Amino acid sequence: MSSVSVVIPCYKYGHFLADCVRSVLDEQPGPDIRVLIIDDASPDDSADQAHRLAAADDRIEVRVHATNQGHIATYNEGLLDWATGDYSVLLSADDRLVPGALVRAAALLDAHPEAGFAYGRPLRFVHGGPLPKARTESTGSVVYPGHWWLERRFREATGCITSPEVVVRTKLQQHVGGYDPKLPHAGDIEMWMRLAAHADVGYVRGADQAYYRVHGKNMSTVDFGGQLDDLRQRLVAYDSTLEKCRDRLPDADRLSALVRTRLARYALRRAYRAYDRGRTGVVPVDELVAFARECVPSVEGLPEYRALALRRRIGAGVMPYLQPLVLSAVRDRVRERLWWRSWARRGV
């Protein structure tokens, strides 16, 4: 029987803990599961909530920080210093697992020792609302070659993983090391790529693997003012992957060019969409263009730059009314729909 170490970092999320822990210990029959709740010096009653749960179940341990150490240090404490199971899970206290998720992921990893981690489709739900109905019967699994999967990430420059749906082989996690404190908002993207540089990647088909709770305090929320920071964090994450794994990636220069071109195109697309939507007053258009040029010095050759130049000529005041007639705006809407359908269907 496989063993799974589940690390639940908590900061002011004590009111979510019982639901989170219940999804781990009561809804995952089969694996030998141990849970560590790490309260990062929450100023509320989160530590008391954690101790109450541990008093009722000897599979739960609790650590309470005397001073706040931040989420990256908390993650690494659990994954590198505490986890001893065959597999490890990092699960935020405000998220939860789908019934049977650990059983399905552990079965995939048991059957495929070449796979370093397994993930599946997450379900988002709005805090306070009902849980969406989850699929709990897998239709099989697939194992992607790690370098193929990693190149896909560089081509798309986005993460296809939310986070709670991932189960990692503990020995691999501890071999590649912990989350990078220089990447407070994109450390997860870098982690999945670093793991994929060392091992293949498993995907659970057909079943949903985790619930991601959407509320006003999610760390991944990016507003208009944070769009540029989001892109910069992604660039640092990809550069960090290449730096740490260069000996395993002989085509590192090509991968770097791929991701920089994609990020430049994202930046320019966000800039010209500000004209489409009448948001040039809140979207940092000039800064986005400067970032694109930083990624690709010959930025004028990109189609998104030409689309932005057209909108600038039309003007911010008129463009929202003409947007349905501009070809690039129509293509964007179609591209978005196709991308999300592909992501939901294949998870890559």
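The values are calculated or read from the model by the stated rules, or taken from the named source; none is laboratory data. These numbers come from a predicted model, not from an experiment. Cβ placement follows ideal geometry from the backbone for every residue including glycine, while neighbour counts extend to all protein chains displayed.
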> Which of the residues that make up the stretch 136-179 are in a loop (DSSP other than H, G, I, E, B), surrounded by 18 or more Cβ atoms within 10 Å (Cβ to Cβ) and either at positive phi or in contact with an Asp or Glu (Cβ under 6 Å, 6 or more places away or on another chain) (or both)?
Replying inline: A157, S163, P164
> Which members of the stretch 61-92 meet the condition of being aliphatic (A, V, I, L, M), under 22 Å from S3 (Cβ atoms) and not in a helix (DSSP H, G or I)?
Replying inline: V62, A83, V89, L90, L91
>> I'd like to check something: does the stretch 65-72 contain any residue that is of a type in the set (V, I, T), under 25 Å from D180 (Cα atoms), touching a Gly at 6+ places or on another chain (Cβ under 8 Å) and surrounded by fewer than 20 Cβ atoms within 10 Å (Cβ to Cβ)?
In response: yes
> Pairs under 7 Å by beta carbon, first residue surrounded by 15 or more Cβ atoms within 10 Å (Cβ to Cβ) in the stretch 273-291, partner in a loop (DSSP other than H, G, I, E, B) and polar (S, T, N, Q), six or more apart or different chains?
Replying inline: A274/T280
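Restricting attention to the stretch 34-48, and to residues there that are over 15 Å from N68 (Cβ atoms) and crowded, with 16+ Cβ neighbours inside 10 Å, which single residue is farthest from the chain's Cα centre (by Cα)? Please lay out each step first, then the result.
Our first condition is that a residue be over 15 Å from N68 (Cβ atoms); within the stretch 34-48, this holds for 34-37, 45, 48.
Still in the list and also crowded, with 16+ Cβ neighbours inside 10 Å: 34-37.
Numbers: R34: 24, V35: 22, L36: 21, I37: 21 Å.
Looking at residues that are over 15 Å from N68 (Cβ atoms) and crowded, with 16+ Cβ neighbours inside 10 Å, I get R34.
Is one or more of the residues making up the stretch 200-215 surrounded by fewer than 16 Cβ atoms within 10 Å (Cβ to Cβ) and at pLDDT 90 or above? Steps first, please.
Taking the stretch 200-215 first, the residues surrounded by fewer than 16 Cβ atoms within 10 Å (Cβ to Cβ) are 206, 214-215.
Filter once more, so that each one left must be at pLDDT 90 or above: 206.
Yes: one or more hits.
Considering only residues that are farther than 13 Å from P9 by Cα and touching a residue at least 24 places away in the same chain (Cβ under 8 Å), look in the stretch 61-82 and name the one that is farthest from the chain's Cα centre (by Cα).
Residues of the stretch 61-82 that are farther than 13 Å from P9 by Cα, as a first pass: 66-67, 80-81.
Right, trim to touching a residue at least 24 places away in the same chain (Cβ under 8 Å) and you get 66-67, 80.
Working: A66: 29, T67: 27, L80: 20 Å.
Ranking the qualifying residues of the stretch 61-82, first place goes to A66.
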> Taking the stretch 8-60 as the region of interest, how many residues are of a type in the set (K, R), assigned to a helix (DSSP H, G or I) and farther than 30 Å from D110 by Cβ?
Replying inline: 1
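Looking at V283, is it in a loop (DSSP other than H, G, I, E, B) and touching a helix residue (DSSP H, G or I) at 6+ places or on another chain (Cβ under 8 Å)? Write out each step before concluding.
Numbers: in a loop (DSSP other than H, G, I, E, B): yes; touching a helix residue (DSSP H, G or I) at 6+ places or on another chain (Cβ under 8 Å): yes.
Yes, satisfied.
Would you please name the residue that is surrounded by the fewest Cβ atoms within 10 Å (Cβ to Cβ), looking only at residues in the stretch 23-33 that are touching a residue at least 40 places away in the same chain (Cβ under 8 Å) and charged (D, E, K, R)? Step through it out loud before you land on a result.
Step one: list which residues in the stretch 23-33 are touching a residue at least 40 places away in the same chain (Cβ under 8 Å), which gives 23-24, 27-33.
Subsequent filtering for residues that are charged (D, E, K, R) retains 27, 32.
Values: E27: 16, D32: 13.
Only one residue fits best here, namely D32.
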> Does the stretch 248-256 contain at least one residue that is within 22 Å of A196 (Cα to Cα), of a type in the set (D, E) and surrounded by fewer than 16 Cβ atoms within 10 Å (Cβ to Cβ)?
Replying inline: yes
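Can you confirm whether T241 is at pLDDT 95 or above and surrounded by fewer than 21 Cβ atoms within 10 Å (Cβ to Cβ)?
no
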